[in-house]
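Since every read-out is calculated from the coordinates, none of them should be taken as a lab result. Since this is a predicted model, take the numbers as computed values, not measurements. Cβ placement follows ideal geometry from the backbone for every residue including glycine, while neighbour counts extend to all protein chains displayed.
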Amino acid sequence: MYLYRILYRKMNIVSLGTAYPYRGGLASFNERLARQFSSEGHVISIATFSLQYPGFLFPGKTQYSEGPAPEGLRINRLINSISPFNWIRNGFRIKKESPDFLLIKYWIPLMAPCLGTIARIAKSNGHTKVICIFDNVIPHEKRSGDKMLTKYFVNCIDGAVVMSNTVLDDLKLFRNDIPVKFNPHPLFDNFGAKVPRSEALSKLKLDSNSSYLLFFGFIRAYKGLDLLIDAFSDKRLRGRNLKLIIAGEFYEDDTPYRELVRKNNLENEIVIYDHFIKDNEVTLFFSIADLVVQPYRTATQSGVTQIAFHFEKPMLVTDVGGLREIVADGKCGYVVKPEPKSITEAISDFFDNNRKEAFTEGIKQEKEKFSWSKMTKSILEVYNESL
């Protein structure tokens, strides 16, 4: 009965993290989650950054969205990630506001001093709990000091939600004394509906007679794009009128990837859109994709899989981190070893045996698992257990 009251009474929530005018998956997640809480009758505001990363630390071209501010959300630019005086001031501001809980999305140790300091001060009112959604506990690209910084942050929280069992295992290395729920990453359903394939092909100026593989999202070494290019060069995939689309901004030097394309004489088979893909462009790429490929070397969970589920697109993922937990092998696509040979064999099987229709039906069944209402329920259950 007490849990019922927690789940259904109006909560006052402050979400601390990335949101407009910042762009990317973190902002999309936090904004979509805030909309879900609001639709359920809760009061939620987002405290985002006035400065997120100093320019010299950001690997992309810009941190900022070019689109309009999202409607219907309370987003306040308050947090300077490198100013301790700002952290203290905002910690006391939230302490005075006294929300039921402070909700933090944690993704990188660099943010631990900022987020951890604000959280410690905010919860010192004796009322506010600190609940964290972890993208990662241990980052993909490790640096000295990561463990110390993460420990500083993790020791201030009262409960957590993880989106993969890999992250759950990592969290257990730091804390075993707080309530934790596993809840898969919800669908990214905020990019609109599919558009007719012909319309998408026309807007992207692509050949209507080809089939398309899609590698989507920003590009870093751990995402294994080089493995996919090697796999795509295999002679078994030649002569099929098959093309690979690479859609996303390079967060590292693109020269090795372009040289790999040239080395394998794939300039006419690979189409590169080397820029950040705006929200209103996402539907174009997924509307033409026959198979979405994520050849990651390491992973926790991925927002790309949840975009693919939304657009009901078969997937090929590698057997790393939490990807295998989300993509049902043989039902929604393939889970393969992170090596070119295995990737090639799965792509060949997909087209040789016309798997698209069967996998699409499997995705329609599986996608029901990934609702935002389940995420809010998990968060509220963690809050209840932290009292």
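For a quick check of your reading of the filter: which GluC sites (Glu not before Pro) in segment 234-330 sit in a DSSP loop and have no more than 11 other Cβ atoms within 10 Å?
Passing both the DSSP loop test and the Cβ count: Glu267.
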- Quick one: check the C-alpha center-to-center distance for segment 325-387 versus segment 61-128, whole angstrom. 32 Å
- Note on the structure: With the dipole of segment 43-181 defined by +1 on each Lys or Arg Cβ and -1 on each Asp or Glu Cβ, the option from Ser65, Trp107, Met148 whose Cα lies farthest towards the positive pole is Met148
- Task: Name the lysines eligible as straight-distance cross-link partners of Lys172: C-alpha to C-alpha under 24 Å, and not fewer than 8 places from it in the same chain.
- Result: Lys105, Lys123, Lys129, Lys142, Lys147, Lys151, Lys181, Lys374, Lys377
- Read phi for every residue in segment 370-387 and hand back ³J(HN,Hα) as whole Hz from Karplus 6.51 cos²θ - 1.76 cosθ + 1.60, θ = phi - 60°, with x for Gly and Pro. 10, 8, 6, 5, 5, 5, 5, 5, 5, 4, 5, 5, 4, 4, 4, 6, 7, 6
- Item | Phi to ³J(HN,Hα) by Karplus 6.51 cos²θ - 1.76 cosθ + 1.60 over segment 306-312, Hz, x for Gly, Pro | 6, 5, 4, 4, 4, 8, 6
- Note on the structure: In nanometres, the difference between 0.36 nm per residue of separation and the alpha-carbon distance of Phe218 and Asn354 is 46.0 nm
- Segment Glu325-Phe85, length gained on full extension (0.36 nm per residue, minus Cα span): 82.2 nm
- Query: When the helices in the chain are scored as -39500 (n - 2.57) per DSSP H run of 4 or longer and the sum is shared across all residues, what 222 nm value do you end up with, to the nearest 500 deg cm²/dmol?
  - Reply: -11500 deg cm²/dmol
- When the Karplus curve 6.51 cos²θ - 1.76 cosθ + 1.60 is applied with θ = phi - 60°, which whole-Hz ³J(HN,Hα) does each residue of segment 247-259 get, with x for Gly and Pro? 10, x, 7, 6, 9, 7, 4, 8, 4, x, 5, 5, 5
- Item | Length released on extending from Arg93 to Val43, taking residue separation times 0.36 nm less the Cα-Cα span | 16.3 nm
- Taking H placed 1.01 Å from N in the peptide plane, check which residues at least 5 places from Ile104 or on another chain put their amide H under 5 Å from its amide H. Leu16, Ile131, Cys132, Ile133
- Among Thr376, Thr255, Thr117, residue whose mean-square fluctuation peaks in a GNM of the chain (springs only between Cα atoms under 10 Å): Thr255
- Fewest-first ordering of Glu40, Glu71 by Cβ atoms within 10 Å yields Glu71, Glu40
